[in-house]
Amino acid sequence: MHLARAALALCLSIVAACSTSDDASPPPTGLAEPDRAALARRLLTGPEWYRHAVVYEAYVRSLQDSNGDGVGDLPGLTSRLPELQALGVDALWLMPINPTPFADSGYDVADYTGVNPDYGTLADLDALLAAAHARGMRVMLDLVLNHTSDQHPWFQESRASRDNPKADWYVWSDTPSRADVGCGTFQAQFGAEAWTLSKARNQYYFHRFYPGQPDLNYRNPQVVKATLDAARFWLDRGVDGFRCDVIGLLVESADGCDMIPETQAYIRQLRALLDEYPDRAMVAESTNYETAVPYFGDGHDMFHMAFNFGFGYFWGFPFAGTEARAVSDKLEASRRGAPPGAQEALVIGSHDVSRAYVAAQKVPSRWRRAAFVQMTAAGTPFIYYGEELGLRPGKVKVVDSRDYQRTPMPWTRGPGHGFTTGTPWIPFGEGAEETSLEAEAGDPASDYAFYQRLLAARRGREAFGAGTMTFLHGDSPAVLAFERAGGGEAYLAVVSMDEAAPQTTRLSAVGGEGEPRLLFGAATAAREGDALVVTVPAEGMALFRLR
Ligand code: GLC
């Protein structure tokens, strides 16, 4: 088994070294090509690492089973770090790993400082942290603070009577509504009513999500302290940061429910806690699809990163059209008003939305072009596991329909696909054989090879993680073009939104001198006077180094 793994890891690094179809050409004449590996190490060290990292969202349950029970686990994930590093991943975000009755796939936490026994033990987490850190990789945990499970001891106590010590830790009401919880009068997110009766108290509790996910009452200072203590517990263990679940919704109020001042005050406390530890970072799951600007505070006192869902979740639409503005407008609008240094987290999928394969209506160039923008635009890319293989959806629900995009990783061909020696907790998605890592790693035309080359092209180039981004609008409305500059270098990314014909566009005010050099993809670019004339093939994309 271990030999097979080692062989696969070797084969993966060979693909990185030997792939040809859109490899980097030699550095531009006069443009020295520095030691990118050394630069990458420098960029990924210290407090700014999160700007330069490629983060991988891992559903532990579906990554790798180590004990044959069909459920992915922490030792399994640890054993796959070589493959993830060979892809070009620098950091992991683990979806919730806490004990849970699994009403919402772990987003219903029954113990903030424990590990789900299906996934392993605290010692297994420590081992994952040690193995990741030894490789220079980071591990972020999902922090689900808005609500707990109804099986959490805090809620068990709170629901028992109206006068127990935790009676006020959740949001209770005599009626299924409350004037000072204005935003709770609507239906809960997953269809049910937002208030559920608890017989012991003969009162209703508020839940934005499933009835098994009662909202905590953050107006109670004890709740504030207890949840900050939970965060501290994991920081003390050495986790590198958190992905904070629906954090804008923490505090309830009569009017407004997203990022009200009390919620912002809590986030500042959480940030101050992180800042007690070196090199930690946190990313917000913004509940605002248009902009994540409120999550950045002054740029130093709230989130290091926040997801951009404006482009991120809805890219399926622009890439089905021919207008570059559909993408550039979204990317510009979401950043408008952000403090200097605000870092968006860029996604094209997650455990909550359809697989890229579905969003792209099965057109590979659409998810590839979206991924290209994700890796080259300003921000930190978060890859949802399996995106690098073009994973297709499953057909079986265990918890809810989001399980279609939560199926096990097909690492190898054949039964169990290297994921398990037992029966997987949920069947593999469609096409697991041909989308397995084993099948794709040997094929330079595969999605895997595409991702690996793309991540390699980005690596060790400060402009992508921390540089400026300037959109360039030429005379073809179908060419998305933007310049990234930073670290003394500049790059031009071009994407054809047109799927039928090559597009030529004349771009002005492009930085650098001399002819641009192709780094990734396929396109031509030539200087004509002050302009740069670029021709991109239909469905094409390319990255040039300008200076
Ligand atoms: C977030 C998670 C989602 C979960 C919800 C409630 O949106 O991404 O999976 O169901 O919060 O915790």
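From zero up to wherever the largest Cα-Cα distance of the stretch 397-507 sits, split into 5 Å bins and tell me the percent of pairs in each.
2, 11, 12, 11, 13, 13, 11, 12, 9, 4, 1, 0
Under the definition of Cα pairs under 8 Å and six or more residues apart, what whole-number percent is the relative contact order of the stretch 468-545?
Here the relative contact order equals 31 percent.
To make sure I understand, if each residue's beta carbon is the centre and we count other beta carbons within 10 Å, what order do C257, C244 fall in, fewest to most?
By the 10 Å Cβ count, ascending: C257, C244.
Return the long-range amide H neighbours of S476 (sequence gap of 5 or more, or a different chain), with a cut-off of under 5 Å between placed amide H atoms.
Amide H to amide H, under 5 Å and 5 or more residues apart or across chains, S476 pairs with R506.
Can you list the lysines whose alpha carbon sits under 25 Å from that of K362, skipping same-chain ones fewer than 8 residues off?
K330, K395, K397
Taking every pair of alpha-carbon atoms in the chain, give the share separated by more than 46 Å as a whole percent.
13 percent
Quick one: Cα centre-to-centre distance for the stretch 46-116 and the stretch 426-440, in angstrom?
Between the Cα centres of the stretch 46-116 and the stretch 426-440 lies a distance of 20 Å.
Relative to the longest principal axis of the C-alpha atoms of the chain, give the angle of the C-alpha long axis of helix 2-18, reported between 0 and 90° and rounded to the nearest 10°.
With both axes taken from Cα atoms, the answer is about 40 degrees.
In 10 Å bins starting at 0, how do the alpha-carbon pair distances of the stretch 148-290 split up by percent?
Bins of 10 Å from zero give 11, 40, 35, 13, 1 percent of pairs.
Starting at the first residue of the stretch 250-259, write each ³J(HN,Hα) from the Karplus equation 6.51 cos²θ - 1.76 cosθ + 1.60 with θ = phi - 60°, in whole Hz, x for Gly and Pro.
Each residue of the stretch 250-259 in turn: 3, 9, 7, 7, 5, 10, x, 9, 10, 6 Hz.
Excluding same-chain residues fewer than 8 positions from K199, which lysines have a Cα within less than 17 Å of its Cα?
Of all the lysines, those that pass the test against K199 - Cα under 17 Å, at least 8 places apart if same chain - are K166.
Taking the number of other C-beta atoms within 10 Å as the exposure measure, put V246, V396 in order starting with the fewest.
V396, V246
Run the numbers for R219 and T470: contour at 0.36 nm per residue of separation, minus the present Cα-Cα distance, in nm.
86.1 nm
Please report, in cubic angstrom per residue, the volume enclosed by the convex hull of the alpha-carbon atoms of the stretch 326-374. Mind showing how you got there, number by number?
Numbers: hull volume 4.4 nm³, N = 49.
That works out to 89 Å³ per residue.
With the Cα gyration tensor of the stretch 468-545 in hand, convert its eigenvalues to equivalent ellipsoid semi-axes via √(5λ) and list them largest first in whole Å.
19, 13, 11
Bear in mind that the values in this text are calculations on the coordinates, not laboratory data. Computed from a predicted model, the values in this text were never measured in an experiment. Ideal geometry is used to build each Cβ from the backbone, glycine not excepted, and the neighbour counts take in all protein chains shown.
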